[in-house]
Amino acid sequence: MNQYLAAAKGGIDRLIENIKSVIVVQHQTLETILASKIAGGHVILADAHGVGKTSLARALSGSINWGAGQIVDGVRIEAFQRIQCTVDLLPQDILGFNRFEMQNNTTVFHSGPVFANFLLCDEINLLTPKTQGSFLQVMEEQKITIEGKTYHLPDPFFIIATMNLKGSHLFPLPAPQLDRFMVQLSLGYPSEEDEIEILNKHGKDDSWKEFKPVIEPGELLAWQKLVDGTHLHPEIASYIVRIVRQTRKHPGVITGASPRSGIKLSRLTRALALVRGMDYVTPDMVKEMCYPALSHRIELEDPSRTPSSVIAEVLKEVPAPG
């Protein structure tokens with residue numbers, strides 16, 4: 001293990017332990033979220049109410065010492081912003097808007113909450129399709145255009161969106177919107193033992209009292225640069241492409257994974273290798289990451305089937321490299 005990889009592994013382990021000090025989350029789930037963050041992707045957590053989605057986002061953001069903030073394109077960047085989504089939110093409530101100030105005879109831009117290093121978008125499927133669409137350029141290009149002027153967003157920039165699977169006034173995210181999330185995960189209900197631990201941790205007022213940042217933004221940026229150096233063997237790259245293409249041919253699939261899916265999956269697996277202190281991707285990592293990276297990109301004819309079952313069948317059909 002070279003010194004850069006060793007330093008990254010030490011920092012990532014420190015980050016994981018810090019998050020686990022305040023929330024109970026499966027180790028593999030946390031690794032996947034961190035891999036997505038390091039790979040420059042965004043995460044959607046699709047779950048029921050009260051399973052810890054918001055606490056997880058809070059712990060992730062709070063583990064980074066963001067400092068005094070920065071200015072990008074003349075706009076002040078906040079370390080952490082939260083959007084509590086409702087059906088009456090408009091795009092300008094998220095992105096910002098220009099306002100003419102008569103006393104100065106000037107137009108002033110008022111930035112929205114999207115100008116942040118870490119954005120929590122709570123219950124994104126309560127937004128109307130028009131407002132959901134305001135995230136498309138943000139997530140793909142890391143910039144926004146308002147009235148002909150382009151504003152760049154900071155680096156690092158990371159979105160965690162939560163999506164409750166049951167409730168009223170839900171607007172399902174369209175395929176182009178879902179495709180911009182690197183992974184979709186479900187935390188699920190905890191085991192009885194974990195739920196007892198949750199009760200003991202959070203059944204008192206000072207459960208977050210000792211919680212503090214443990215890494216600097218520069219460390220996160222350094223990890224992101226290491227992702228490109230993680231080895232992806234040509235046979236592994238071919239394996240990823242064959243899996244993605246097979247989802248489009250599989251019986252009962254209306255829409256399979258797009259070429260963008262393969263790009264996201266390859267970068268995600270390289271980031272996962274980094275999280276685990278390795279400098280190369282294995283076939284097992286590809287298989288493991290297929291579920292969170294592809295499930296939300298597959299549309300099926302039969303609603304009783306699940307994308308996960310299709311992915312399991314595809315992985316049996318496509319031989320892995322030796």
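A few notes on this one:
- Scanning the range 75-113 for residues that are outside any helix (DSSP H, G or I) and of a type in the set (A, V, I, L, M) gives Val75, Ile77, Ala79, Ile83, Val87, Leu89, Leu90, Met102, Val108.
- Qualifying residue in the range 178-200 (condition: in a helix (DSSP H, G or I) and within 28 Å of Val286 (Cα to Cα)): yes
- Failed criterion for Pro172 (all others in (1) part of a strand (DSSP E or B); (2) farther than 18 Å from Ser61 by Cβ; (3) out of contact with any Asp or Glu (no Cβ under 6 Å at 6 or more places or on another chain) hold): (1)
- Residues of the range 123-133 that are in contact with a strand residue (DSSP E or B) (Cβ under 9 Å, 6 or more places away or on another chain) and either surrounded by fewer than 19 Cβ atoms within 10 Å (Cβ to Cβ) or in a loop (DSSP other than H, G, I, E, B) (or both): Glu123, Leu127.
- Restricting attention to the range 85-133 and to residues that are under 17 Å from the mean Cα position of the chain (by Cα) and among the polar types (S, T, N, Q), the residue that is nearest to Asn65 (Cα to Cα) turns out to be Asn117.
- Counted residues, the range 246-267 - those being part of a helix (DSSP H, G or I) and under 18 Å from Pro283 (Cβ atoms): 8
The rows are residues; the columns are (1) among the aromatic types (Phe, Trp, Tyr); (2) in contact with a Pro (Cβ under 9 Å, 6 or more places away or on another chain).
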{"site": "Val51", "(1), (2)": "no, yes"}
{"site": "Glu78", "(1), (2)": "no, yes"}
{"site": "Glu101", "(1), (2)": "no, no"}
{"site": "Phe109", "(1), (2)": "yes, no"}
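- Some residue of the range 263-272 being more than 22 Å from the chain's Cα centre (by Cα) and free of Cβ contacts under 8 Å to residues at least 60 places away in the same chain: no
- Of the residues making up the range 282-312, those that are in contact (Cβ under 8 Å) with a residue 40 or more places away in the chain and surrounded by fewer than 16 Cβ atoms within 10 Å (Cβ to Cβ) are Glu299, Glu301, Asp302, Arg305.
- Taken over the range 201-227, the criterion of being in a helix (DSSP H, G or I) and within 17 Å of Trp66 (Cβ to Cβ) is satisfied by Pro217, Gly218, Glu219, Leu220, Leu221, Ala222, Trp223, Gln224.
- Taking the range 13-44 as the range and being under 18 Å from Glu219 (Cα atoms) and either of a type in the set (Lys, Arg) or in a loop (DSSP other than H, G, I, E, B) (or both) as the test, the residues that pass are Arg14, Lys37, Ala39, Gly40, Gly41.
- Looking across the range 134-154, just one residue is touching a Pro at 6+ places or on another chain (Cβ under 9 Å), on the phi < 0 side of the Ramachandran plot and either surrounded by fewer than 19 Cβ atoms within 10 Å (Cβ to Cβ) or in a strand (DSSP E or B) (or both), and that is Leu136.
- Among the residues listed as Val183, Val108, the single one being among the β-branched types (Val, Ile, Thr) and over 17 Å from Gly41 (Cα atoms): Val108
- Of all residues in the range 45-74, those that are within 19 Å of Met182 (Cα to Cα), assigned to a helix (DSSP H, G or I) and of a type in the set (A, V, I, L, M, F, W, C) total 3.
- In the range 146-155, residue farthest from Leu34 (Cα to Cα) [restricted to those that are modelled with pLDDT of 90 or more and within 23 Å of the chain's Cα centre (by Cα)]: Tyr151
- Residue in the range 228-245 that is surrounded by 13 or more Cβ atoms within 10 Å (Cβ to Cβ) and in a strand (DSSP E or B) present: no
- Scan of the range 32-51 for residues that are modelled with pLDDT of 85 or more and either surrounded by fewer than 19 Cβ atoms within 10 Å (Cβ to Cβ) or among the basic types (Lys, Arg) (or both), ordered by number: Lys37, Gly40
The values are calculated or read from the model by the stated rules, or taken from the named source; none is laboratory data. Computed from a prediction, not measured in an experiment: that's the story for all the values here. Please note: Cβ atoms are built from the backbone with ideal geometry, for glycine as well, and neighbour counts cover all protein chains shown.
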